[in-house]
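Comments concern the structure below.
What follows draws every value from the coordinates through simple rules; no lab data is involved. Here the structure is a predicted model, which means the values were calculated and not measured. With ideal geometry, Cβ positions are generated from the backbone for all residues, glycine too; neighbour counts draw on all protein chains shown.
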C-alpha cells in the first residue's frame, strides 16, 4: 500500500511538471511606436529589393517614425505604415490592417490609366465558339477561326488546373495556331503558372533566375537560382503560339510570359508587362495586422532585373492603338492578320 | 552478443530504463523500448513572427539500449504532430510536425557496490527536424523549417528505489549545425542552408527524469518526463521548449536478462 502511494506521488509530480507553462518571449508591445519599429525592422531584415528600388530605408524610417508616434487613431497609424511601405514602389508590398480589411497596396501611376483590354469584347466580337464553363471553369477557351484557338487566363489564383488545360487542349486539337491571352492577368500562384506553361513545351528550358534574401544585410541574397520550364501534362500544343500581353500583366503571369518567351514557337504581341515580381511573404504585427514583403529579385535569362522593366513583346501594339470604344481589339486584330499570313 | 547487437540496432530506443542487473556494467541491459505520451510544444520563431505558440499532442517514441564492451549505447527516436495556438493574445495558428533522434554513447564512471546507483558520462549526438505550417491572421499560410544537429557531453544516472529504479539523463549541445531558412521555405530553394553554431549562438539542454519498475521477468514499465529546450540566436532567433510525459514498456532480451 505504501509502495503504491509512493508511485502515485511520483506520477503526479511528473505530470504536474510536464504541464508547466514557460514564457519564451516577452509579451507583445502594441504601442504605435513599438509596432512601427517592428515593421521597419522586419522590412529591413526581409525585403529583397532595396538596391533595385534605390531606397535608403534608414532615411525612410526617420521620416515616418515621428508621424507614426503622432497618429491619433488606428486608421491614421495604418495610413502612416502604408505610406512608408509605399516608398518601396513595389506592388507586392502591402498592409492589411485587420482581418477582412482591404489590403493597402502601392499603386503606380500607370495602374490608374484606363484599361486597354475588354474581355467581353473578345467574347462578343471575336470568339466564334466557346468551350463550356463546365469543361474549363477557371479560364476561357474557344475558337477565333477554324484553325486558330483561343485561351485566356484571367489570373493564376488557385492550383491544380492541369487536367482542365489538358481537356481544353484536347478539345482544341484541330488548331494550328493558338492565341494565349494573358492581358490584365495580375498573377497568383507561381507553381500553377509554370505547371500550365509546361503544356506548351516538349523540352526543359531555363528562362530566368531568382536571388532570394537570406541574411540581415540588404545585399544578403542567394546565388542565382535557375528557373526552368519543364514539360508537364498529358496534352501539348507546340504549334505557333501568339502570347498577348499588356501593362497589367504582373507577378506569376509575368513568370508565365517569361517562361514562354524563351520558346521558339511563341510570338509575344501587345505591350510590355507590368514589371512586378517579388515572391512575397507575410509578416505580422503585434496587433494582428499583416503585411507582405517581396523576398526575391527575379532576372531574365540575360540577368536583367524583371522588376519595373517587365517583359517586352516581340511585336509591339501600343495601348494607344487599342481603341476603347468597345468595337475592336487592336492586338487581336494584329494577331488575326499574322495568323492569316502564317506569320 | 553479436546477434543481440544486430537485432537491437533495428530499432532506436525511447525511454531508457534503469538497470536491474547486478552485474551489468551499464545502467540498462540490452533492450527495446516503446512509449506513448502527451507532449507540450512551445515555440517562438522570429522567422515567422515574434509570438509564442503552444500546443499539446500525442508523441510516440521508440528506442534501444546496447552494451558494447562496457560502453553503453542508448538511442531513441520520437515524433509527433501538434496544433499550436498563440499565447498572450497573439494571432494565427501553427501545425507543427517534428521528429527527433538521439544517440548516447556513455561509459560507466561510478557505481555503488551492489550497483544500486550508477553514473555514466559520455557524448550525445542529436538531430531534431521540425516543419511548421503557419497560418497568419489574414488566413495566408507559409511553411517554415528548423533542423538542428548537435553533439555535446551527456550523462546518465540511476538509483534503485521504490521497488524499481529512478533514472535521469541529460545532454547539452556544444557544437551544432542548423538549417533555419531566413524566409519562408521556397520550392525554388529547397536545399538546407546549413550554418555551424557554437555554444555562443545555440544553447540548449535535453534530458529526462523517470522511474521504471519490472512488471515481469522480461517486461518493465516506464514513466518518464522528458524536456528539450533550445535557444538559437541569429538574425531570426528561435526559442523552443518541448515537454513530454510518457508511459511505456521496455522488453529485455531473454539472453541479456539477469
Between residue A:102 and residue A:225, with labels modelled 7 Å along Cα→Cβ, what's the label distance in nm to one decimal, could you check?
-> 3.4 nm
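Take A:124, A:230 and order them by how many other Cβ atoms sit within 10 Å, fewest up front. Can you show the working numbers first?
Values: A:124 10, A:230 13.
If I rank by nearby Cβ atoms, fewest first, I get A:124, A:230.
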FRET efficiency, 1/(1 + (r/R0)^6) with R0 60 Å, evaluated for residue A:340 and residue B:133 via beta carbons = 0.70
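Find the percent of Cα-Cα distances in segment A:19-99 that exceed 19 Å, and round it to a whole number.
41 percent
Determine the relative contact order of chain A: mean sequence separation of Cα pairs under 8 Å and six or more apart, normalised by residue count, in whole percent.
Details: 650 pairs, mean separation 60.0, N = 343.
Reported as a whole number, the value is 17 percent.
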For chain A, the longest principal axis of the Cα atoms and the Cα long axis of helix A:330-341 enclose an angle in degrees, to the nearest 10, of 50 degrees
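Taking each residue of B:185-194 in turn, how many C-beta atoms of other protein chains fall within 10 Å of its C-beta, and what is the average? Walk me through the intermediate numbers first.
Values: counts 0, 9, 3, 12, 8, 0, 2, 0, 3, 0.
That average works out to 4.
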Note: A:294-305 gets an average of partner chain Cβ contacts (10 Å, Cβ to Cβ) equal to 1
How much of the DSSP beta bridge set in chain A is antiparallel, as a percent to the nearest 5?
-> 60 percent
dims of segment A:66-163, Cα set, principal axes, largest to smallest, nearest Å -> 65, 30, 19
Spin-label point model (7 Å from Cα, Cβ direction): what's the residue A:328 to residue A:133 distance in nm?
-> 3.1 nm
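For segment B:51-166, what does the convex hull of the Cα positions come to per residue, in cubic angstrom? If you can, show how the numbers build up before the last one.
Working: hull volume 16.2 nm³, N = 116.
Dividing the Cα hull volume of segment B:51-166 by its residue count gives 140 Å³.
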Among A:288, A:198, A:100, which one moves the most in a GNM of chain A with springs linking Cα atoms closer than 10 Å?
-> A:100
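Once the Cα gyration tensor of segment A:154-308 is found, what semi-axes does its equivalent ellipsoid get, as square roots of 5 times the eigenvalues, in whole Å, sorted largest first?
Numbers: eigenvalues 172, 59, 42 Å².
Semi-axes, largest first: 29, 17, 15 Å.
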From the Cα centre of segment A:57-85 to that of segment B:214-236, the distance in Å is 48 Å
Can you tell me the Rg and the Dmax, both Å, for the Cα atoms in chain B?
-> 19.4, 64
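Using the beta-carbon distance between residue B:231 and residue A:166 and R0 = 56 Å, what value does 1/(1 + (r/R0)^6) give for FRET efficiency, to the nearest 0.05? It would help to have the intermediate numbers written out before the result.
Details: r = 51 Å, r/R0 = 0.91.
Approximately 0.65, to the nearest 0.05.
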Can you tell me the 0 to 90 degree angle between the C-alpha axis of helix A:57-70 and the longest principal axis of chain A, rounded to 10?
-> 60 degrees
Top of A:169, A:144, A:69 by mean-square fluctuation, Gaussian network on chain A, Cα under 10 Å = A:69
Whole-angstrom Cα spans of segment B:52-94 along principal axes, big to small = 54, 16, 10
Where is the GNM fluctuation largest for chain B (alpha-carbon springs, 10 angstrom cutoff): B:192, B:173, B:108?
-> B:192
So what's the Cα pair-distance distribution over the protein assembly as shown, bin width 20 Å, in %?
-> 18, 38, 28, 14, 2, 0
Report, in whole Å, the centroid distance computed from the Cα atoms of segment A:108-160 and segment A:247-305.
-> 20 Å
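Evaluate the relative contact order of segment B:2-252 (contact order divided by residue number), counting alpha-carbon pairs under 8 angstrom at least 6 apart; express in whole percent. Display every interim value, and only then the final one.
Details: 757 pairs, mean separation 46.0, N = 251.
That works out to 18 percent.
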Between the Cα axis of helix A:251-261 and the main Cα principal axis of chain A, the angle (0 to 90°, nearest 10) is 40 degrees
How crowded by other chains is A:275-287, given as the mean number of beta carbons from other chains within 10 Å of each beta carbon?
-> 5
Take every DSSP beta bridge whose two residues both sit in segment A:226-324, then give the antiparallel share in percent to the nearest 5.
-> 40 percent
Residue separation times 0.36 nm, minus the C-alpha to C-alpha distance between residue A:124 and residue A:21: what's the value?
-> 30.6 nm
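For A:176, A:327, what's the fewest-to-most ordering of other Cβ within 10 Å of each Cβ? Mind dumping the intermediate values first?
Numbers: A:176 14, A:327 9.
Listed from fewest to most nearby Cβ atoms, that is A:327, A:176.
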